[in-house]
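The values are calculated or read from the model by the stated rules, or taken from the named source; none is laboratory data. Here the structure is a predicted model, which is why all the values come from computation and not from measurement. Cβ: placed from backbone, ideal geometry, glycine included. Neighbour counts: every protein chain shown.
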Amino acid sequence: AQSVAQPEDQVNVAEGNPLTVKCTYSVSGNPYLFWYVQYPNRGLQFLLKYITGDNLVKGSYGFEAEFNKSQTSFHLKKPSALVSDSALYFCALYYGNNRLAFGKGNQVVVIP
Amino acid sequence: NAGVMQNPRHLVRRRGQEARLRCSPMKGHSHVYWYRQLPEEGLKFMVYLQKENIIDESGMPKERFSAEFPKEGPSILRIQQVVRGDSAAYFCASSAGGGVKPQHFGDGTRLSIL
């Protein structure tokens, strides 16, 4: 069965420091992976996706994610976090028939 | 260039009443998805529709819930005889096509059951 795991509940990082949000997945077949961000009382905004090709995917707002097949991971990264990056981040896995399976989300808190 | 529009943003119903949630997809998008988000949980897929067709409703509860996407007008998620456990945020998303095209989300409808 397909699943996505985001092991940490909250990620705290000082402004200007590197930010990493972890995601691991389980799927039979090729993984198609997405990251979304959700601000309070808003819908999810698409950040980036991995379909095939280069393992390092660049997305919106300076975010990037690294696909690692051997570790079945797709961690989200940003070299220098901003206070405005504080939000809820979701990893998602496409599992056919236009369906996405979401992780439970990680709250990111960037401390000024 | 309007995004996905959902209304109402907040909806309060008493137990036993009906809730109707509306979603207008982005211009040019013909694929619509409904998700439910419970507190401190990720989004759970409910249903996938194209114009006038339900493509996949494997995530919908078997009773009281229904969805439609008519030829004209918004997609509607309908919950009959609501119960307290239906309290959640309901999100609609749309995409320009199927497969791995990114889904674009509305701001959701927060349903509260008294």
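Taking region A:55-105 as the range and being surrounded by fewer than 19 Cβ atoms within 10 Å (Cβ to Cβ), of a type in the set (S, T, N, Q) and within 14 Å of chain B (Cβ to nearest Cβ) as the test, the residues that pass are A:Ser60, A:Asn97. Kindly check whether there is at least one residue in region B:58-65 that is aromatic (Phe, Trp, Tyr), more than 10 Å from chain A (Cβ to nearest Cβ), surrounded by fewer than 22 Cβ atoms within 10 Å (Cβ to Cβ) and in a strand (DSSP E or B). The answer is yes; a qualifying residue exists.
Applying the set (1) of a type in the set (Gly, Ala, Ser); (2) surrounded by fewer than 13 Cβ atoms within 10 Å (Cβ to Cβ); (3) within 30 Å of A:Thr52 (Cα to Cα) to B:Gly85 leaves exactly one unmet item: (3). Number of residues in region A:14-41 that are away from every other protein chain (no Cβ under 11 Å) and within 11 Å of A:Cys91 (Cα to Cα): the value is 5. Only strands (runs of 3 or more DSSP E) whose full extent lies in region B:1-57 are considered here, and the ones with at least 1 residues that are free of Cβ contacts under 8 Å to residues at least 40 places away in the same chain are B:43-50, B:53-56.
Starting from residues that are surrounded by fewer than 21 Cβ atoms within 10 Å (Cβ to Cβ) and among the small types (Gly, Ala, Ser), keep the ones in region B:96-114 and report whichever is farthest from the other protein chains (Cβ to nearest Cβ). Walk me through how you get there before you give the answer.
Narrowing region B:96-114 to residues surrounded by fewer than 21 Cβ atoms within 10 Å (Cβ to Cβ): B:96-102, B:104, B:107, B:110, B:112-114.
Filter again for among the small types (Gly, Ala, Ser), leaving B:96-99, B:112.
Numbers: B:Ala96: 12, B:Gly97: 9, B:Gly98: 5, B:Gly99: 7, B:Ser112: 14 Å.
Residue satisfying both the conditions and the ranking: B:Ser112.
Just one of the listed residues (B:Pro39, B:Pro70) is modelled with pLDDT under 95 and under 19 Å from A:Leu44 (Cα atoms), namely B:Pro39.
Of the strands (runs of 3 or more DSSP E) lying entirely inside region A:1-110, those containing at least 2 residues that are out of contact with any helix residue (DSSP H, G or I) (no Cβ under 7 Å at 6 or more places or on another chain) and closer than 30 Å to B:Ile54 by Cβ are A:3-5, A:24-26, A:32-38, A:44-50, A:87-94, A:100-102.
Listed conditions (1) crowded, with 20+ Cβ neighbours inside 10 Å; (2) modelled with pLDDT under 95; (3) more than 11 Å from chain B (Cβ to nearest Cβ) are all met by A:Leu44, apart from (3).
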